[in-house]
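The values are calculated or read from the model by the stated rules, or taken from the named source; none is laboratory data. Note that the structure is a prediction, hence the values are computed from the model and not measured. Glycine gets a Cβ as well: all are built from the backbone with ideal geometry, and neighbour counts include every protein chain shown.
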Amino acid sequence: MDDEARIPRTRGAVCGVLLIVLGLWGGLAPFVGPYLHFGFTPDKAWGYTSGRLYLSAIPGAAALLGGLMALTTRNRAFGISGGLLGALAGAWFVVGGGIVLNVLKNTSVNVGAPLQSTSMTAALQDYLERAALFFGLGALILFVGALAIGRFSMLAAKDVEVETDYSYTSQPDQFSAPASAYRTTTGQFPSVQDTTTAQYPPPAGS
């Protein structure tokens, strides 16, 4: 693996967890909201509609998958792909309903009518439901996905240190050689004192 693509696993931890939590909320909240009379019709928990599938469940699953990619990877490109997937899911939460209705001209895929409760006014509950399940949620997921892309794209000083440590510890020292490869001079030449004594013996009777 290219050392420049390696990053600490903690780099995408926070963004990954946030994308997972927000993806779960976006995908499941429309199905469990009717328990609290919060959400959109049909007023039936776990009731299936094409709008809940294409406008909530699928983008929620995409955000969750992007979060898992960002949370578990140590590869820079894979982490950027996870952040991009999360950002696209967030954008779909914001504009998906309008694209399906106005661009694709498909009226069968829609979010439904806002549910009403007696605890707050209709206008306030309508705004809160759309913010919590669509445009507000989507903007938050889009922000976290973009933040993940930025974090995976930057090259921090500690990344260089990690890469350097990895290269030194994972590769053998190619410049080292065993001590036996170099011959020592011990035993090849007699010492200076021995040579002098052998060439000039002391005079007799000294």
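Structural remarks
- Unmet requirement for Arg52, which otherwise passes all of (1) assigned to a helix (DSSP H, G or I); (2) within 23 Å of Thr118 (Cβ to Cβ); (3) of a type in the set (Lys, Arg): (2)
- Taken across the stretch 134-148, residues that are over 34 Å from the mean Cα position of the chain (by Cα), farther than 14 Å from Ser56 by Cβ and surrounded by fewer than 16 Cβ atoms within 10 Å (Cβ to Cβ) do not occur at all.
- Residue in the stretch 12-35 that is in a loop (DSSP other than H, G, I, E, B), over 23 Å from the mean Cα position of the chain (by Cα) and modelled with pLDDT under 95 present: no
- Restricting the stretch 1-11 to residues that are among the basic types (Lys, Arg) and part of a helix (DSSP H, G or I), the residue that is modelled with the highest pLDDT: Arg11
- Among the conditions (1) assigned to a helix (DSSP H, G or I); (2) within 30 Å of Thr121 (Cα to Cα); (3) modelled with pLDDT under 95; (4) not aromatic (Phe, Trp, Tyr), Ala77 misses just one, which is (2).
- Single unsatisfied condition, Leu55 versus (1) in contact (Cβ under 8 Å) with a residue 40 or more places away in the chain; (2) surrounded by fewer than 16 Cβ atoms within 10 Å (Cβ to Cβ): (2)
- Identity of the residue in the stretch 104-127, hydroxyl-bearing (Ser, Thr, Tyr) and free of Cβ contacts under 8 Å to residues at least 12 places away in the same chain, that ends up surrounded by the most Cβ atoms within 10 Å (Cβ to Cβ): Tyr127
- Lone qualifier among Ala87, Ala70, Ala77 - being of a type in the set (A, V, I, L, M, F, W, C), surrounded by fewer than 16 Cβ atoms within 10 Å (Cβ to Cβ) and within 20 Å of the chain's Cα centre (by Cα): Ala77
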